[in-house]
1. For the subset of region 367-385 comprising residues that are more than 16 Å from the ligand (Cβ to nearest atom) and either of a type in the set (Phe, Trp, Tyr) or outside any loop (DSSP other than H, G, I, E, B) (or both), which member is nearest to Leu228 (Cα to Cα)?
2. Say we look at region 1-33 and pick out the residues that are touching a Ser or Thr at 6+ places or on another chain (Cβ under 8 Å) and among the hydrophobic types (A, V, I, L, M, F, W, C); which of these is nearest to Val103 (Cα to Cα)?
3. Is region 352-363 home to any residue that is within 16 Å of the ligand (Cβ to nearest atom), touching a Pro at 6+ places or on another chain (Cβ under 9 Å) and of a type outside the set (Asp, Glu)?
4. State all residues of region 1-54 that are within 36 Å of the chain's Cα centre (by Cα), part of a helix (DSSP H, G or I) and within 18 Å of Ala78 (Cβ to Cβ); if no residue qualifies, say none.
5. Report every pair of residues separated by at least 6 positions or lying on different chains whose Cβ atoms are under 7 Å apart, first residue within region 324-337 and under 15 Å from Gly381 (Cα atoms), second among the aromatic types (Phe, Trp, Tyr).
6. Hey, can you tell me all the residues within region 290-324 that are within 16 Å of the ligand (Cβ to nearest atom), out of contact with any Phe, Trp or Tyr (no Cβ under 7 Å at 6 or more places or on another chain) and not aliphatic (A, V, I, L, M)?
7. Please pick out the residue among Arg247, Arg177 that is of a type in the set (Lys, Arg), under 23 Å from Val324 (Cα atoms) and at pLDDT below 85.
8. Can you name the residue in region 422-447 that is away from the ligand (no atom under 15 Å from the Cβ) and either surrounded by 19 or more Cβ atoms within 10 Å (Cβ to Cβ) or basic (Lys, Arg) (or both) and, of all such residues, is farthest from the chain's Cα centre (by Cα)?
Amino acid sequence: MKSFPLFLTLENRPVVLVGGTAAAAAKARLLLSAGARLTVLAERPVPAFYDWAYEGALILLRRDFTPSDLDSAILAVAASASDDKDRAVAEAARAQGVPVNVVDRPDLSDFTVPAIVDRGQVIAAVSTSGAAPTLAQRLRSDLEARLSPALDGLAGFARELRPAVEQAIADPIERRRYWAGFFDGPIADRFLAGDEQTARRLAEDALAAPVAGGHVALVGAGPGDPELLTLKALRLLQRADVVVHDRLVGPAVLDYARRDAERVDVGKKRGQSYTQEAINALLLRLAGEGKRVVRLKGGDPFVFGRGGEEVASLVERGVSVELVPGITAATGCAAFAGFPLTHRDHASAVTFVSGERKAGGLALDWAALAKSDHTLVVYMGVATAAEIAARLTEHGMDGAVPVAVVENGTLPEQRSFFGTLARLGDLVRDNHVHPPALLVIGKVAGLAAGQAAPAARAA
Ligand code: SAH
């Protein structure tokens, strides 16, 4: 962190502002709105300062600055329009240990003033550490649009309720769950919509009701790019106590979880391999502890994700489960490699198959899969690519049918390779393709930008 953000209480505390420029007036307005006891040193101030002085909002001294002006100040701000004077203020402040801000001079400042969204008790501040004030302003307007003016009231309501909540709910985790429900659900919704009466009734009902047990959300994390998370996935991630994830779920996605949430990697790394039974048992235990659990799976939980088994085990034991679909590797990779999965002229069906070799080899209905006008998407097929191509050819598929291999789809390190069915095995081997990678077989694979048209290819 380039600088340390903090919110300072200025109510009734002495602050010195040197300069009477328009920029100084803007700072004065901010400092006054925070209740500072403001002394301004300015020989020729802009008119706003006379008005404030007349109203008794600040003390205006129409003379030059001297270091002793800072004697009791807790903050100093300089915007005098004179480089020498600003520098003198900065030096004097530093000598006396008073934090100083020189407007538009981060190099002379101990602190910078962020761009803020002011909602009373709720304040959002954005800083670029002085690097790009316009960017800070842009972000501030984004936040301005998203933060309801009623947030101050909502925060006040929560503050008022806090003693009762602390008394009624002793356990901090359960208390956090109460507050998460308060802000995520109908209580906050009703309040922000102006229906305070209903909000109050709901808040009291929620306090009186017995505390609910844990909850597991089975959430699809998408193929890798965190922007492919759904809004639901994001919301659940941000309020989870524990995130139980697979190896396929990368750090870029996990970064969206609450910072203090526990993270459990049940992937096969670090020598420690969780069996499906162990994962089921872990989820049950965490839910039993009353935690909000997010079980995060790569892609979609119900596409080759064994999501069905985890749900069954939880439902059987009465744990409440929520299901959140994700973008599966097939749709993610197709979009990021630039070809469709179906097409009016080339593919009227798409089939997802697993290329994983079972004890008895690859158990797939080759004759059905070898049909033309059909897109075949193979998950977990890196090791078996050559064999899959051979079986499909044996069952009548043309060796000239286009194929695509997409490795690490949607991630910055994505690699895509295009060729024909006859060369699928070579394509994987020669390019040293490693999982996770997807094989796409069918005319659509020839439609990616930069690919020859399938008709030309077949000729
Ligand atoms: N539930 C996941 C699939 C899990 S099976 C989903 O819906 O996507 C694991 C296989 O998915 C991998 O072997 C690979 O074939 C595919 N896969 C997952 N993420 C991928 C990615 N980012 N790029 C390419 N293939 C991926």
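1. Leu369
2. Ala24
3. No, region 352-363 contains no residue that is within 16 Å of the ligand (Cβ to nearest atom), touching a Pro at 6+ places or on another chain (Cβ under 9 Å) and of a type outside the set (Asp, Glu).
4. Correct list: Ala23, Ala26, Lys27, Ala28, Arg29, Leu30, Leu31, Leu32.
5. Close Cβ pairs satisfying both conditions: Ala329/Tyr379; Ala330/Phe352.
6. Arg295, Lys297, Gly298, Gly299, Asp300, Pro301, Phe302, Gly305, Arg306, Gly307, Glu309, Glu310
7. After ruling out the rest, the residue left standing is Arg177.
8. Arg423
The values are calculated or read from the model by the stated rules, or taken from the named source; none is laboratory data. As the structure is a prediction and not an experimental result, all values here were calculated from the model. When we count neighbours, we look across all protein chains shown, and the Cβ atoms used for this are built from the backbone with ideal geometry, even at glycine.
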